[in-house]
Amino acid sequence: MYSPALLFSLLSVTACWRWMQGRGSWAWLGCYVAAAVASVYSHHYTWLIIFFLNIFVCLWAWSSWSRDRGRLAHWLLAQAALGLVYLPWAGVLLNKYGGFATPAPPAGLDTILYQTLVSFGLGYWAGQAGATPGQNDIFPDHWIVFSLALALLALALWGLLSGRRRTGREEGPMVGAFIPLYLALPIAGITLISWRGVDFAPRYLFFAAPAYYLLIGQGIASLLSARRAIGAIAILLVLGASTISLRNYYFDPAYWRDDIRGMVQFINNRWRDGDAVILNAYYLKPTFLYYYRGEAPVTGRPARLPTDWEE
């Protein structure tokens, strides 16, 4: 679901931006509603993008209230339509946000920022994407990965500064705030959610990753226009950092997805009367049962923290 959710959330952002620019307003507003509905039905964390868009539109309308008051009403009507179409799934959403937790301690702000920085900069398979700050003993390439991620962050920050100077002069401050808020507000939202004990993984923030890549692109474009040699080095930095993830993804078995089919086939061939199957990652149950042909009962380990051993 991550790929279509990313596609639909990006379409909703694009449609919202076109609507704010006044290009075929009603058509783009309709495209926004359709894309937003598809995105939130694909993955419930895409609501973080809807949250960002609503905050930005309200700020934009407030900054130009006398001119855009009527268009804000149109936007609120679109949000009502989105909520109405999503209503059949609202109970599932509330259950996910209210009670879904994994057997791991809540992520702190440092872990969220660290994992997001590495996975956005180098890709999800960089070796540090699931780490916590300072795990040198587990990941010997820690400083290489972290240094590359910081270099890409510097490039993104340069893109932010150069972009704000340009848009501040030509189009107004709210235009320059769009991409930074696109990145910052979903991160802030998932931080608040994770502090309540709900699970965190950097892939839940992939829907905000396009903002980071736009900032890196702005940084490269600015450097190329000023000093072409420095811009070329920045391009090589991006390509080199991505190579680490691609190498792990294609050539390192440690980073490959779990062979669920092979594992279940092992159980299918060896189970005996009196056996039971206990899944310590119970969210894998649908995938497990897809391949399972045995008759041993299947249950999951309680995910409560701390563990209730009697349970």
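The values are calculated or read from the model by the stated rules, or taken from the named source; none is laboratory data. Being a predicted model, the structure only gives us computed values, none of them experimental. Neighbour counts run over all protein chains shown; Cβ positions are idealised from the backbone, glycine included. Keep in mind that these areas ignore ligands, DNA and RNA; they rest on the heavy atoms of the full protein, side chains included. Shrake-Rupley method; radii C 1.70, N 1.55, O 1.52, S 1.80 Å.
Hand me the chymotrypsin sites (Phe, Trp or Tyr not before Pro) from region 248-311 located in a DSSP loop with no more than 12 other Cβ atoms within 10 Å, in residue order please.
Hits after loop and neighbour filter: 256, 309.
Computed FRET efficiency, Cβ-Cβ of residue 157 and residue 273, R0 51 Å: what is it to the nearest 0.05?
So the FRET efficiency works out to roughly 0.20.
At what distance in angstrom do the alpha carbon centres of region 246-265 and region 205-245 lie from each other?
About 29 Å separates the Cα centre of region 246-265 from the one of region 205-245.
So for region 1-77, considering every pair of alpha-carbon atoms, how many percent are separated by more than 18 Å?
Values: 1094 of 2926 pairs.
When all Cα pairs of region 1-77 are counted, 37 percent exceed 18 Å.
Principal axis extents for region 157-286, Cα atoms only, whole Å, descending order, please.
75, 37, 18
What whole-number value in Å² describes the accessible area per residue of region 159-298 for a 1.4 Å probe?
Details: 8640 Å² over 140 residues.
Dividing the accessible area of region 159-298 by its residue count gives 62 Å².
First select every other residue whose beta carbon is under 14 angstrom from the beta carbon of residue 265; then total the charges, Lys and Arg +1, Asp and Glu -1.
On the way: positive: 261, 270, 293; negative: 258, 259.
It works out to a net charge of +1.
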